Each structure stands twice: as structure tokens, then as C-alpha cells.
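The values are calculated or read from the model by the stated rules, or taken from the named source; none is laboratory data. Note that the structure is predicted; figures quoted are calculated from it, not measured. Here the Cβ positions follow ideal geometry from the backbone for every residue, glycine too, while neighbour counts run over all protein chains shown.
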Amino acid sequence: MQKDSQAEQRWHILVSRQASGSAPFFYAVTSTGIVCRPGCPSRLPRQENVRFFDHCEDAMKAGYRPCKRCRPLGSSHPHNGMVLTVCRLIEEDPAQARLSTLASACGYSPSHLQKTFTQKIGISPLEYAKGVRQLRAYRELGQGSSVTESLYAAGYQSASQFYTEFKEFSSLPAGSHRLAGRGEVITFAAAETSLGVLLIAASATGLCWISLGEDFAQQVQELQAHFANAQFCPPDPDFVDWLSQVVGFLDSPCEPLDLPLDIRGTLFQRQVWEALRSIPPGMTMDYQALAERIGKPTAARAVARACASNVLAVVIPCHRILRKDGGLSGYRWGVQRKAQLLEREQLRRTKEGSSKEND
């Protein structure tokens, strides 16, 4: 891992208790579920419990709640106070996060609150409540609590609500999160690429993890957290060849990757991911169009959540999804990498088109 990596620089800023300066960022703490700005007076978290985000809103979409001490949303915008109030009410009791109740507490009409909150955060109050429950459920299950204990501690009103929502964001049954890969053998390896550090992992079935980032250690932590009780082993020569093929695929993403995949997801997630894989390299689509492609035109937000749950970077090409206005929107492995992947695919597509015309 390079000492000047972005994640390492950001960690040093946290340790020094400085503000983020010219390159602002936010950090979320997985053990508390809170997102803060650098310089927050709260106790310094353990490095393995920290996730970095470019924007506070991105952390909130993942279910983290804004810190009460450092106020990462700020207070200059007139709507930020309302957003903070709604977040507090939802965090206090996500099971009772009714739009009418929230609107009454903030002095807004339900429709105005819904529109304003969604514009500011990118998700509705109901979806934020769902994210809070999801994050708490993960934490409870990860601590070894039973499914029943976890669902009520997370704020679910019933087991049916828990299992319905759990299928939307998890590729595994709820009970398996307590096992977290127990009995599985996961092989993994990493390499430096033109897009940063590439980490791949495979089960006995095929590739089950592909990630890109700046910090190798942080990527390994995320992989091990996902398969917390699995047995990890070093790569053999055959697996090193797999790694080389994935590296080559990053450089030429228009070429097919002929490797077995272990795609774990719900039926809905698999529908979304298969639709993503059907988008030709060099082409893009928005969430609404993708929802229509799978025959669920009203499920654009659920489609977005399925894209965010993808753990197989590039192979399941969620980078080919743009906002309706053509903007890049978010990307699990960094918006800059998304732009680079799209540029490479478009360039390759243009070259292939020119070659065919010359023939």
C-alpha cells in the first residue's frame, strides 16, 4: 500500500484532528453508524471501522446518520435544519417514520418535505429509514445476535417487514450473516492497475468479489467483513492467471471476460445485474430505463439499490448507469474511475466503428 494513497492521507488528517482543507471529505464509523466531518471533537474511531465518503449525502444513502456534534450537513442552507430534524426523528424511531408525522414536526406539508428531503439527500425519508434499519440489522447480526433479536433492535415492526427489506439489500439469507461465509474457502489476490488497486476473490464456484480502490488494506477489510467467518487462502498459479485476466479486462473492457462467476443475489438483484450485463460496452442507460428493461417501470429506486449492492466491479457494469440528465451520479468504487471506464469503452467503440468503416 502506498503511503500517499487517498485513504491513508485522509486517515492522517483524522488522527491530526485537522479540517479536510482543499479536498473535503467525510468519514463514517461502522461501529456507531454515524458520519462526521474531519475535525469532529468526538473520540477517534479505530481505523478498521472507518469508511470515507466524498459527500455526506453518500454516507447517508448508505444508512449512516449525521453527527450531532460536528453537523456534517452544515447549517448554511435553509433546508439543512429540516433535513437534520427528519434524520433525528427517523433515527429515534425508524419504525414510526411516517411522512405525515415528520412533516408536522418540521412545519412542512408532506409533499414539500418529501420533495425537499429527496432533492437534498437523494433518497426519500422512507428510504432513509430503511437504510437506518438495514445498517443496524447488519451490525446486530455481525455481533452474533439472533435474527429475531436483530430485527427488533434495528427498528423493524415485524419479521415479515424485516425479511422483505432484507432481500432488497442483501445477497444472502439473513441467518447467513451470522455465519458470514463459515465453511467457505475464499482465495484472493491484488494487483496495482491503471485504475488503482484491484482486489479479486473467488469461492469454489467462481469470482465472488472484484473491487477497486486506493487502499489495499481497507479493501481486504471490506472483503473479510463480507465473508467474516470464511477461510482465506493465498493465490495459486491458476488464480494469479485469473488476476491477470481481470487486469487485462480493465484495460480493454470491451473484450469478454471468460471466467466463472459466483453471483449471489436475490431474484430481483439478479434481474438487474443481468440487465446491466446486457448493456453493450460504450453505451449507457439511466435507472428508469433499466427498470423498464426488466419490466418493472416503477422500481427505479429499487434498481438503484441493486446497483449499489453489486460487489463485482466492471464484470457487472453498473458504471454504465448515468443519471437521467447524463450526470455520472455515484459509483461504489469512485466516480473518477467510473468516468475513466466509460471513456475507455467509448474510445474502443469509436475505434471499432472506424475500423469497420475502413473495411
**Prompt:** Pairs under 6 Å by beta carbon, first residue within 20 Å of PRO280 (Cβ to Cβ) and buried (at least 17 other Cβ atoms within 10 Å of the Cβ) in the range 321-333, partner modelled with pLDDT of 85 or more and β-branched (Val, Ile, Thr), six or more apart or different chains?
**Reply:** LEU322/THR284
**Message:** Need the failing condition index for ARG65 against (1) out of contact with any Gly (no Cβ under 9 Å at 6 or more places or on another chain); (2) surrounded by 20 or more Cβ atoms within 10 Å (Cβ to Cβ); (3) farther than 18 Å from LEU14 by Cα, just the number.
**Reply:** (1)
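Yes or no, residue by residue, for (1) touching a His at 6+ places or on another chain (Cβ under 8 Å); (2) of a type outside the set (Lys, Arg); (3) under 23 Å from PHE249 (Cα atoms):
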| site | (1), (2), (3) |
| --- | --- |
| PRO280 | no, yes, yes |
| ARG293 | no, no, no |
| ARG301 | no, no, no |
| ALA304 | no, yes, no |
| ILE316 | no, yes, yes |
| HIS319 | no, yes, yes |
| LEU322 | no, yes, yes |
| TYR331 | yes, yes, yes |
| LEU341 | yes, yes, yes |
**Asked** With ALA28, ALA23, ALA7 as the choices, which residue is aliphatic (A, V, I, L, M), part of a loop (DSSP other than H, G, I, E, B) and either at pLDDT below 85 or in contact with a Cys (Cβ under 9 Å, 6 or more places away or on another chain) (or both)?
**Response** ALA23
**Asked** What is the residue count in the range 98-121 for residues that are under 19 Å from GLY330 (Cα atoms) and surrounded by 18 or more Cβ atoms within 10 Å (Cβ to Cβ)?
**Response** 2
**Request:** Please verify whether the range 225-233 includes one or more residues that are closer than 30 Å to THR30 by Cα and at pLDDT 85 or above.
**Result:** no
**Message:** Could you check the range 188-206 and list, in sequence order, the residues that are at negative phi, part of a strand (DSSP E or B) and buried (at least 20 other Cβ atoms within 10 Å of the Cβ)?
**Reply:** PHE188, VAL197, LEU198, LEU199, ILE200, ALA201, ALA202
**Asked** Among the residues of the range 290-306, is there at least one that is among the β-branched types (Val, Ile, Thr), on the phi > 0 side of the Ramachandran plot and either assigned to a helix (DSSP H, G or I) or in contact with a Leu (Cβ under 8 Å, 6 or more places away or on another chain) (or both)?
**Response** no
**Request:** Hey, could you check the range 247-274 for residues that are part of a loop (DSSP other than H, G, I, E, B) and of a type in the set (Val, Ile, Thr) and say which is farthest from LEU212 (Cα to Cα)?
**Result:** THR266
**Request:** Scan LEU243, LEU257 and give me the residue that is in contact with a Leu (Cβ under 8 Å, 6 or more places away or on another chain) and under 24 Å from THR193 (Cα atoms).
**Result:** LEU243
